[in-house]
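The next block holds one structure in the form of structure tokens; read it before the comments.
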Amino acid sequence: MAYLEFRDIQLKFDERMIFSDFNLEIEQLEKVLFCAPSGRGKTSLVKMLLGFVVPDAGEILVDGIRLSGATVNSIRSKISYVSQDADIPKGIVRDVFAAVFKYPVNRHVNYQEAVLSNWLETMALPEDTLERNIDALSGGERQRLALILGILLDRDIWVLDEITTGLDLELKTKMVELLLDYDKTILVVSHDDIYQNRGLREVSW
Amino acid sequence: MGVQEIPFYTPFYLLIFVLPMVIINVKLEIGLNKRIIYALFRMTIQLVLVGFFLQYIFLFNNLWVNSAYVLFMIGAAGLSTVKTCGLTIKNQFLPILIGFGIPNLVMILFINHFVIGLDNIFDAQYYIPLMGMLLGNSLSGNIIGINTFYTGLKRNERQYQYQLALSANQWESTLPWYKEAIIACMNPIIASTETIGLVSLPGMMTGQILGGSMPMTAIVYQIVIMGAILISRYFGIHFSILLTRKQAFDDYDRLIL
């Protein structure tokens, strides 16, 4: 059995059929690029995996567990989700990070602020970002913070939804290389050519 | 020192001043005439009907009749909340009813028994008008609070979902908007509590003084009612959100309002 499975998925949005009898299997540690044309529901697909969009029919299995109201929390806890909107909770960066690692599900992660500081440097973020308010950061800065958060959570599945938008080529390349180097099951939603020829399995529909 | 009785026809003398208002509105094309006249008309009819009704209720002054009237007030306030906030009547009427019915009932009975020290805590003279004041305030607070909570959550759905993805539970994920709702609900009442008496005498005090009470007596009542309003409004909004949210989310913690 595959690690991630979408079985006979059907999804309608405002009477428009987005998915009908959609099937997809993804193996553990596989790196997949969803590159279907706009409007085909790439984001909806990953949101289905997270239980934010529920299909009209079909089922989703994560590591053999069927996604349902009863299992959604444990499945979400396996996924690091970083989206283009990077809607990080409001507050001072330091406090926001500390709060996330205080949630019971995340307590097993050994989080230290020093690690975060190192990551700020890696991601070309100024040192004083720690003391800054999320609201005062630019979209690109928030996005990189969300990525750091995603990495630090150390979950098995990474869902990266259009995370390179708005970043310059140098930073983008660095980030993509860094991310794809991890031994994780990685699902990328993107139109960016930056992912080409990096050994990702391309999935379109 | 009782209040001077007003004959039924003299309130209509005020219409002398409404006439120039109407003329000015016509001349300047301020489109308010219809609404002003409708409001005055409706207010008069409504109050006269309530007046007749209350006369009888005061005449009986029976625990069950009084309580039935109070329940009617709670029901009307609940309905108004559900409608104004765009909640579904089918699912959310009862939670709202309980949510702010209970704190207000507890508060009114507490005041009547412990603060005023009535022998009959269901005495219409206290029970009904004081409950009316509590409910009226709770109602506006509830509408502000519930609206703030659910519209805030809806508008920031992505942020909410991101919190869930970070494994915050539903309560933790909604906490920013919950707090916002409590603050929005309490802000107006805190402001009016702070400044009361400086600008104008509050309605209840005015009424009592007109009715012949000494100002100090009226003041003490006013202090009690202001405190009670503040308290019941606070607990009312907590209860209302806590009870409505049970049916506002699906199994996947998605907002389904």
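Taking first residues from region A:131-145 that are within 11 Å of A:Gly91 (Cβ to Cβ) and partners that are part of a helix (DSSP H, G or I), the Cβ contacts under 8 Å between residues at least 6 apart in sequence or on separate chains come to A:Arg132/A:Val93; A:Asn133/A:Val93; A:Ile134/A:Val93; A:Ile134/A:Val96; A:Ile134/A:Arg142; A:Ile134/A:Leu145. If the condition is being touching a strand residue (DSSP E or B) at 6+ places or on another chain (Cβ under 6 Å) and farther than 20 Å from A:Leu149 by Cβ, then region A:63-105 contributes A:Arg66, A:Leu67, A:Thr71. The residue that is farthest from B:Leu130 (Cα to Cα), counting only those in region B:203-253 that are without any contact (Cβ under 8 Å) to a residue 60 or more places away in the chain and among the charged types (D, E, K, R), is B:Asp251. In region B:114-150, the residue that is surrounded by the fewest Cβ atoms within 10 Å (Cβ to Cβ) out of those that are in a helix (DSSP H, G or I) and polar (S, T, N, Q) is B:Gln125.
Taking region A:88-100 as the range and being without any contact (Cβ under 8 Å) to a residue 60 or more places away in the chain and buried (at least 19 other Cβ atoms within 10 Å of the Cβ) as the test, the residues that pass are A:Pro89, A:Val93, A:Phe97, A:Val100.
How many residues does region B:33-90 hold that are over 26 Å from B:Asn120 (Cα atoms), part of a helix (DSSP H, G or I) and not β-branched (Val, Ile, Thr)?
17
A residue that is at pLDDT 90 or above, closer than 15 Å to B:Gly236 by Cα and in contact with a Gly (Cβ under 9 Å, 6 or more places away or on another chain) occurs nowhere in region B:108-126.
B:Ala181 - would you say it is buried (at least 19 other Cβ atoms within 10 Å of the Cβ), under 27 Å from B:Tyr252 (Cα atoms) and away from chain A (no Cβ under 14 Å)?
Numbers: buried (at least 19 other Cβ atoms within 10 Å of the Cβ): yes; under 27 Å from B:Tyr252 (Cα atoms): yes; away from chain A (no Cβ under 14 Å): yes.
Considered against the rule, which asks whether it is buried (at least 19 other Cβ atoms within 10 Å of the Cβ), under 27 Å from B:Tyr252 (Cα atoms) and away from chain A (no Cβ under 14 Å), B:Ala181 comes out as yes.
Residue-wise test of (1) among the hydrophobic types (A, V, I, L, M, F, W, C); (2) buried (at least 16 other Cβ atoms within 10 Å of the Cβ); (3) assigned to a loop (DSSP other than H, G, I, E, B).
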site: A:Glu25; (1), (2), (3): no, no, no
site: A:Leu29; (1), (2), (3): yes, no, yes
site: A:Ser38; (1), (2), (3): no, no, yes
site: A:Val46; (1), (2), (3): yes, yes, no
site: A:Ile60; (1), (2), (3): yes, yes, no
site: A:Ser74; (1), (2), (3): no, no, no
site: A:Val82; (1), (2), (3): yes, yes, no
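Being among the hydroxyl-bearing types (Ser, Thr, Tyr) and more than 7 Å from chain B (Cβ to nearest Cβ) is the filter here; which residues of region A:84-112 pass it? Of everything in region A:84-112, just one residue is among the hydroxyl-bearing types (Ser, Thr, Tyr) and more than 7 Å from chain B (Cβ to nearest Cβ), namely A:Tyr111. A single member of B:Leu166, B:Leu153, B:Leu175 is surrounded by 15 or more Cβ atoms within 10 Å (Cβ to Cβ), free of Cβ contacts under 8 Å to residues at least 24 places away in the same chain, within 14 Å of chain A (Cβ to nearest Cβ) and among the aliphatic types (A, V, I, L, M), and it is B:Leu166.
For region B:66-88, indicate whether the set of residues that are buried (at least 18 other Cβ atoms within 10 Å of the Cβ), small (Gly, Ala, Ser) and closer than 29 Å to B:Phe249 by Cα is non-empty. Scanning region B:66-88 turns up at least one residue that is buried (at least 18 other Cβ atoms within 10 Å of the Cβ), small (Gly, Ala, Ser) and closer than 29 Å to B:Phe249 by Cα.
Go through the residues of region A:5-15 one by one and say whether even a single one is surrounded by 19 or more Cβ atoms within 10 Å (Cβ to Cβ), modelled with pLDDT under 95 and away from chain B (no Cβ under 14 Å). There is no residue in region A:5-15 that is surrounded by 19 or more Cβ atoms within 10 Å (Cβ to Cβ), modelled with pLDDT under 95 and away from chain B (no Cβ under 14 Å). Screening the candidates A:Glu127, A:Glu177, A:Glu170 for the property of being surrounded by fewer than 14 Cβ atoms within 10 Å (Cβ to Cβ) and within 20 Å of the chain's Cα centre (by Cα) yields one hit, A:Glu177. With respect to (1) at pLDDT below 95; (2) surrounded by fewer than 14 Cβ atoms within 10 Å (Cβ to Cβ), the lone exception for A:Ala70 is condition (1).
If I filter region B:238-248 for residues that are within 14 Å of chain A (Cβ to nearest Cβ) and under 24 Å from A:Ala99 (Cα atoms), do I get at least one hit? No: region B:238-248 contains no residue that is within 14 Å of chain A (Cβ to nearest Cβ) and under 24 Å from A:Ala99 (Cα atoms). Restricting region B:198-217 to residues that are surrounded by 12 or more Cβ atoms within 10 Å (Cβ to Cβ) and outside any helix (DSSP H, G or I) leaves a set whose member that is modelled with the lowest pLDDT is B:Leu201.
The values are calculated or read from the model by the stated rules, or taken from the named source; none is laboratory data. Everything quoted here is computed from the prediction, not taken from an experiment. Methodologically, a virtual Cβ is constructed for each residue, glycine included, from the backbone with ideal geometry; neighbour enumeration extends over all protein chains shown.
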